[in-house]
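This report concerns only the one structure given below.
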Amino acid sequence: MREELELNRAHWDEATRFHLRGNVYGVEDFKAGNCRLHRLEREEVGDVAGRRLLHLQCHFGIDTLSWARRGAVVTGVDFSPEAVAAAGRLSAETGVPGRFICSDVYALDAALPEPGGFDIVFTSHGVLNWLPELGPWARTIAHFLAPGGFFYIVEAHPTARVFPTAADLEKAGAFAPCFSYFHDPKGIRWPPARDYADESTPHTIGEHEWSHSLSDIVGSLLDAGLGLDFLHEFPFCAWKVVAGLELVERFGASHGYFAQPAGAPVLPLMFSLKASKPEP
């Protein structure tokens, strides 16, 4: 595994320990029987009862197991050993069935020898920025989808990523574009900072991220042989992806949608996409 991904894996091992504390990530809510999914993915993915769902970059499986609570037969994948172990424990403790595999997305075909084994491949919220290349990612999705199955992603809009977060604004001094929209293979190395879910907790390990344009995302999936069903854009996001956002819709103690204050220019903050694998 390349050095940047090793750094990120250590970062996410540390993040997992932070996110399991109390209800900072909705763990206590989930144990009480609640669903961790947001409104949009529930509506757009639809009925999953009895369907085989593969969740890429699943963290410690709380969303994966939320799909299982809705009737899906779930497999979650993450490259963090600590996250995968925590997912197994959460499944056992709650009695919600799920299979979890520790693997980098790019090596998943070796770790999970089930080509065409899934009706749905799912990923969401803060996943693409950890991937240095989208071509192999899209081919992995196509590899695991059964004919007639579909891929679904809901994620921060690439346009929003060019603007500063609250932490960036302290350095930038003004709310204006400060990051490149287009992909740079080198990416950006970030020093340790406070955790995004628990701002009272500082990380000791930095991270390395990459940007991907909307055309990169769509194009990689089309190149992998999938057909685009829809692409939707939204003026809200599941976290404070840029500075100054306000909570506009809540789904639980730990999650909701955030948007710009009334009167501010409306930016695309989040997108969702569905793409299907053609029948033979």
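What follows draws every value from the coordinates through simple rules; no lab data is involved. Every value quoted in this text rests on a predicted model; they were computed, and no experiment measured them. Heads up, the Cβs are rebuilt from the backbone with ideal geometry, glycines too, and the neighbour counts pull from every protein chain shown.
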TODO: Report the extension gain between Ala174 and Asn23 in nm, rounded to one decimal, defined as 0.36 nm multiplied by the number of residues separating them, less their alpha carbon distance.
DONE: 51.0 nm
Task: Inter-label distance for Glu233 and Ala193, nm, one decimal - labels placed 7 Å from Cα along Cα-to-Cβ - done: 2.4 nm
TODO: Go ahead and collect, in residue order, the members of the range 32-61 whose backbone nitrogen is under 17 Å from a label point 7 Å along the Cα-Cβ direction of Ala85.
DONE: 59-61
Open item on the list: Between Ala166 and Glu114, how high is the FRET efficiency from 1/(1 + (r/R0)^6) when r is the Cβ-Cβ distance and R₀ = 41 Å? Nearest 0.05.
Closed with: 0.45
Task: Calculated log10 I(q)/I(0) by the Debye sum over Cα atoms at q = 0.07, 0.09, 0.12, 0.15 Å⁻¹ (choose from (i) -0.23, -0.40, -0.74, -1.24; (ii) -0.47, -0.63, -0.80, -1.01; (iii) -0.28, -0.46, -0.83, -1.27), label - done: (i)
Open item on the list: Just to check I understand the Karplus step: with θ = phi - 60° and J = 6.51 cos²θ - 1.76 cosθ + 1.60, what whole-Hz values come out for the range 88-99, glycine and proline as x?
Closed with: x, 5, 5, 4, 5, 5, 8, x, 8, x, x, 9
Task: Selection from Ser211, Leu221, Val162, by position along the positive dipole direction of the chain (Cβ) - done: Leu221
Open item on the list: Of the candidates Ala160, Ala238, Ala176, which one comes out as most mobile in a Gaussian network treatment of the chain with C-alpha springs shorter than 10 Å?
Closed with: Ala176
Open item on the list: Using the crude model of +1 on Lys and Arg Cβ and -1 on Asp and Glu Cβ, and no other charge, please compute the dipole size for the range 3-276 relative to its Cα centre, in debye to 20.
Closed with: 540 debye
TODO: Counting helices only, and only those DSSP H runs with n ≥ 4, report the 222 nm mean residue ellipticity of the chain as the sum of -39,500 (n - 2.57) divided by its residues, in deg cm²/dmol to the nearest 500.
DONE: -8500 deg cm²/dmol
Open item on the list: Taking 0.36 nm per residue of sequence separation and subtracting the Cα-Cα distance, how much length would be gained by fully extending the chain between Tyr181 and Ser213, in nm to one decimal?
Closed with: 10.9 nm
